[in-house]
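First the structure, in the form of structure tokens, and then the observations on it.
The values are calculated or read from the model by the stated rules, or taken from the named source; none is laboratory data. What you see is a predicted model, and the numbers here were worked out from it, not measured in a lab. FYI the Cβ positions are ideal-geometry reconstructions off the backbone, even for glycines, and counts take in every protein chain you see. The protein model used for the area step is the full one, side chains on, heavy atoms only, and it has no ligands, DNA or RNA in it. Shrake-Rupley method; radii C 1.70, N 1.55, O 1.52, S 1.80 Å.
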Amino acid sequence: MNKTVADIMTPSPITVNPDTPLNEAITILAEKKLSGLPVVDKDNKLVGVISESDLMWQETGVEPPPYIMILDSVIYLQNPNRYEKDVHKALGQSVGEVMTNKPITVKVDDTVKKAAQIFHEKKISRLPVVDGDGNVVGIVTQGDIIQAMALDH
């Protein structure tokens, strides 16, 4: 199986930008039955990914960090700054506020085997495909790889 990512990817995927309202992104995910979307800037450069798991923050709210009280002082057992970030993520109103920054990507000429290894190691379900300039040109999912493997046999 010497296929490249270009052979199995979905070209020209639906994208959103950081300013896209969250409810619009949620609508796209629901209507198109997608689990995530690449987030691009005005030049089509990849800046993030928004996925169902990013959106779960919206619904579940956030648990405060565990703490103990000693002599009326609050001692946090976890970093309270992380909590503030979590709260911000839970209350974000635009894609840019809740997206995952620095997404893992593959290039069009990477092998399908390399993409499969990334899926396995990183436990993710989709990979934006970028060209040499960092422009989003496609998206590849675990399902695409399984389908390619099935067609090879």
- Message: Quick check on the stretch 103-140: of everything there that is touching a Leu at 6+ places or on another chain (Cβ under 9 Å), in a loop (DSSP other than H, G, I, E, B) and among the β-branched types (Val, Ile, Thr), which residue is surrounded by the fewest Cβ atoms within 10 Å (Cβ to Cβ)?
- Response: Ile104
- Message: For the stretch 96-111, give me the residue count where each residue is among the β-branched types (Val, Ile, Thr) and within 19 Å of Ala25 (Cα to Cα).
- Response: 2
- Query: Looking at (1) free of Cβ contacts under 8 Å to residues at least 60 places away in the same chain; (2) within 14 Å of Ile8 (Cβ to Cβ); (3) not in a helix (DSSP H, G or I), can you tell me which one Gly143 breaks?
  - Reply: (3)
- Query: Pick from Ser94, Ser53: which is farther than 24 Å from Asp133 by Cβ and either open to solvent by 40 Å² or more (accessible area, probe 1.4 Å) or at pLDDT below 60 (or both)?
  - Reply: Ser53
- Message: From the list Asp19, Asp72, exactly one residue is modelled with pLDDT of 60 or more, farther than 18 Å from Ile139 by Cβ and in contact with a Ser or Thr (Cβ under 7 Å, 6 or more places away or on another chain). Which is it?
- Response: Asp19
